[in-house]
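Each reported figure results from applying straightforward, stated rules to the coordinates on display, with no laboratory input. Note that this is a predicted model, so its numbers are computed, not measured. Backbone-built Cβ (ideal geometry, glycine too); neighbour counts: all protein chains shown.
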Amino acid sequence: MPTPPGARTSTSTARNRDPILSVLQSRLPAHGLALEIAAGAGEHSVYFAAAFPALKWQPTDADPEALASIAAWRGHAGLPNLLPPLPLNASDPNSWPVSRADAIVNINMIHISPWAATQGLMEGAARRLPAGGALFLYGPFIEHDVETAPSNLGFDLSLKARNPAWGIRHLDDVSALATDHGLRLTERIEMPANNLTVIFRKV
């Protein structure tokens, strides 16, 4: 699909969208609302909305430029189930513009945001998901009993050099935080390029 005016692109999206889709295909609900938090450029939103035509897809982001890019991609794609993008600050769950979601998708956010964003994500997800509803997180993680790839160690250092509040999160810390909010880690799925998809479900 050609890039529409006002839209941004990401090379990582082209690489990871199909592996992520393969995870989502057997796990997203057939109907309802999927809330995408930190949708970025919006390319994932278009791709996934096209793959799940019976599911309403709600993209959000905290960045006005990202929201403009999502809107551009949405206008170009013309998908009836892809909703207009909404501003959402993950770290402030009291202000989220969506009161309920059947599933929540969050791709490559928690390592490039302060820990407060992950805290807000877990609190907000717990409030909005139904029992059994899933929160999907994709990205790199550090695991206690798994050797961290050298590329991820270097990436972690580069993130912290850009912002000391950023960095690859320890999966144990993320899981413990989720547990505090009534979300249970149910699946850990290895993905290409030393990434994971981890799935938390509302208890």
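Per-structure values
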read-out	value
Whole-Hz ³J(HN,Hα) from phi, Karplus 6.51 cos²θ - 1.76 cosθ + 1.60, for region 151-156, glycine and proline x	5, 6, 4, x, 5, 4
Karplus-derived 3J(HN,Hα), 6.51/-1.76/1.60, for each residue of region 187-203, Hz, glycine and proline x	8, 10, 10, 6, 10, x, 6, 6, 10, 10, 10, 10, 10, 10, 10, 5, 6
Radius, Kirkwood style, for region 1-68 when every pair of distinct Cα atoms is counted (Å)	12.7
The chain - mean residue ellipticity at 222 nm from DSSP helices (-39,500 (n - 2.57) per run, n ≥ 4, rounded to 500)	-11500 deg cm²/dmol
Mean Cα-pair separation over length for the chain, i.e. relative contact order, pairs under 8 Å, 6 or more apart, %	18
Charge dipole (debye, nearest 20) of region 80-192; +1 at Cβ of Lys and Arg, -1 at Cβ of Asp and Glu	420
q = 0.21, 0.23, 0.24, 0.28 Å⁻¹, region 149-202: log10 I(q)/I(0) [Debye, one scatterer per Cα]	-0.87, -0.95, -0.97, -1.05
Size descriptor, Kirkwood hydrodynamic radius, that averages inverse alpha-carbon separations across region 90-136, Å	10.8
Taking the C-alpha atoms of region 1-159, convex hull volume expressed per residue in Å³	127
Interchain or long-range residues, amide H under 5 Å from Gly32's placed H	Lys56
Value of D in µm² per second that Stokes-Einstein yields for region 108-187, Kirkwood Rh from Cα pairs, at 4 °C (1.567 mPa s)	97
Whole-Hz ³J(HN,Hα) from phi, Karplus 6.51 cos²θ - 1.76 cosθ + 1.60, for region 102-107, glycine and proline x	7, 7, 10, 10, 9, 10
Antiparallel DSSP beta bridges within the chain, as percent of all bridges there, nearest 5	40
Estimated dipole of the chain in Debye, rounded to 20 [Cβ of Lys and Arg +1, of Asp and Glu -1, Cα centre]	500
Residues with amide H under 5 Å from that of Ser91, placed H, sequence gap 5 or more	none
Fraction of beta bridges assigned by DSSP in region 92-203 that are antiparallel (%, nearest 5)	65
